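Taking it in order: structure first as C-alpha cells, then the write-up.
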Amino acid sequence: MSLRRLIVNADDLGLHPGINAGIFHSHRNGIVTSASICAGGAALDDAVAGVKASGLEVGVHLTLSGEAPVSPPSALPTLAPAGRLPAYFTALFWGLTTGRIRTSEVERELAAQISRVADSGLTAAHLDSHQHVHLHPALLPIVVRLARRFGVGALRAGRRVVPLLGLRPAALALFAWRAARHARREGLRSPDAMLGVAESGRLREDRLLRAIDRLPAGTSELICHPGTDGAAIGSAYAWGFAWDDEARALTGAAAREALARRAVQLVSYRDL
C-alpha cells in the first residue's frame, strides 16, 4: 500500500475569538495538525496564548486583502492608501498588473507580518496566504525570498490540486504546480497535493470523508476553516462559511475511522 500522509491545516487563526476556539478545539479533540496565523488579526493575542498552551504548530497566513495592514499605512501609500488593504484579491491583482501597487510595499508589509509573529514568540513552520495570493507569479518570488530571509522552511503549494465538488480551479492549480516547482528549486518544502481549495468554508463531514477517500500517495495538505459560534464570526466576516459544521466534521469519529481505514498518517509541515 502506498504511504499517505496528511497535514490538516486550519486557516485564519487570530482573526476572531470564535475561529481561535474552533481551531484549538479541532486540534485538541480532532484531526487538525497545523494552523495559519494572521499577524494583523484582532484576536492575535488570544491566538498566540492558545498556541503556546497547546503546542499547535503554526505558519503565517500572509494577508494582502480585507484587513488592516500591520505596517503603518503611511509606509504603504499604494497598497493601503486609505489605511486598509485591498478589499479582495482581484483588486490586489489588478493593482499589481497595472503598476498602481508597488511590489516593494507588498514585501514591506509581508515582512512586517512575519516579524510580528516571530516577535510574539512563535516559530513559523510554513508560509501560506489569505485567498492563496502567494501562488500568483507576481507575488511568489517575494514570498520565497521572505521565507529564506526569516528561515521558514516550507510553503503551501502542491503539484496537484484535488477537487472534492467536481470543481477544478484551473488557474489556481497551475499556479500551485508552478509554485511547488519554484519552492523546491529554492530549497523550500511543500506538500505533494492540496485539498479543500475550492471548498473553503464548506468542508462538511461528507466532503471531509470524500477528501480522505481521494488522498493520493505522498503528503497532502487539507485546508480547513473550523470555528465555534459561526453566527458571531459571520457578523464580522460575511463569507458564508459553515465554521461550526467544519469543527464538527474535524472532531467526529467518522473522520478518524476513515483515516485509520486508509492507513493515513497525520503529520504537520515540520514532518515534510
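Nothing in this text is a laboratory measurement; each read-out follows from the coordinates by a stated rule. The structure presented is a predicted model; accordingly, all values stated were derived computationally and were not measured. Note that we place each Cβ from the backbone using ideal geometry, even for glycine, and neighbour counts take in every protein chain shown.
Rounded to the nearest 10 degrees, the inclination of helix 17-28 to the longest alpha-carbon principal axis of the chain is 40 degrees.
About the centre of its Cα atoms, the chain shows a dipole size close to 1080 debye [charges on the beta carbon of Lys, Arg (+1) and Asp, Glu (-1) only; nearest 20 debye]. Amide hydrogen proximity for residue 266: with H placed 1.01 Å from N in the peptide plane, the residues at 5 or more positions away or on another chain lying under 5 Å are 6. For the range 37-65, list residues with backbone N below 11 Å from a point placed 7 Å from the Cα of residue 91 toward its Cβ? Once the point is set 7 Å along Cα→Cβ of residue 91, 65 turn out to lie under 11 Å by backbone N, inside the range 37-65.
For the chain, the spherically averaged projection of the C-alpha convex hull amounts to 13.1 nm².
Take the Cβ atoms of residue 253 and residue 160, set R0 to 25 Å, and the FRET efficiency comes out at 0.30. Here the Karplus relation 6.51 cos²θ - 1.76 cosθ + 1.60, evaluated at θ = phi - 60°, turns the backbone of the range 91-100 into coupling constants of 5, 4, 5, 5, x, 5, 5, 8, x, 6 Hz, with x for every Gly and Pro.
Once fully extended, how much extra length lies between residue 184 and residue 100, figured as 0.36 nm per residue of separation less the alpha-carbon to alpha-carbon distance?
Values: separation 84, 0.36 × 84 = 30.24 nm, distance 3.08 nm.
Length gained, residue 184 through residue 100: 27.2 nm.
Relative to the longest principal axis of the Cα atoms of the chain, the long axis of helix 103-119 lies at roughly 60 degrees. Note on 45, 229: ascending count of other Cβ atoms within 10 Å places them as 45, 229, the fewest first.
Backbone geometry of the range 225-236 corresponds, through the Karplus equation with coefficients 6.51, -1.76 and 1.60 at θ = phi - 60°, to 3J(HN,Hα) couplings of 9, x, x, 10, 6, x, 5, 5, 5, x, 5, 9 Hz, x marking Gly and Pro. The separation of the range 85-141 from the range 189-225, counted between C-alpha centres, amounts to 24 Å.
For the chain, modelled as a Gaussian network with Cα springs under 10 Å, which listed residue fluctuates most, 74, 26, 65? Answer for the Gaussian network model of the chain: 74.
Relative contact order of the chain: what whole-number percent is it, with Cα pairs under 8 angstrom and at least 6 residues apart? Walk me through the numbers on the way to the answer.
Values: 558 pairs, mean separation 68.6, N = 272.
It comes to 25 percent, rounded to a whole number.
Calculated [222 nm] ellipticity per residue, helices only, for the chain: -12500 deg cm²/dmol; basis is -39500 (n - 2.57) per DSSP H run with n ≥ 4, divided by all residues, nearest 500. Each residue of the range 53-61 was assigned a 3J(HN,Hα) from its phi angle through the Karplus curve 6.51 cos²θ - 1.76 cosθ + 1.60 (θ = phi - 60°); the sequence is 6, 9, x, 4, 6, 10, x, 9, 8 Hz, with glycine and proline shown as x. With a simple spin-label model that places each label point 7 Å from the Cα along the Cα-to-Cβ direction, the separation between residue 231 and residue 74 comes to 4.4 nm.
Diagonalising the gyration tensor over the Cα atoms of the range 98-208 and scaling each eigenvalue by 5 before taking the square root yields semi-axes of 25, 17, 15 Å, largest first. For the pair residue 262 and residue 82 in one chain, pulling the backbone fully straight at 0.36 nm per residue adds 59.7 nm over the alpha carbon distance.
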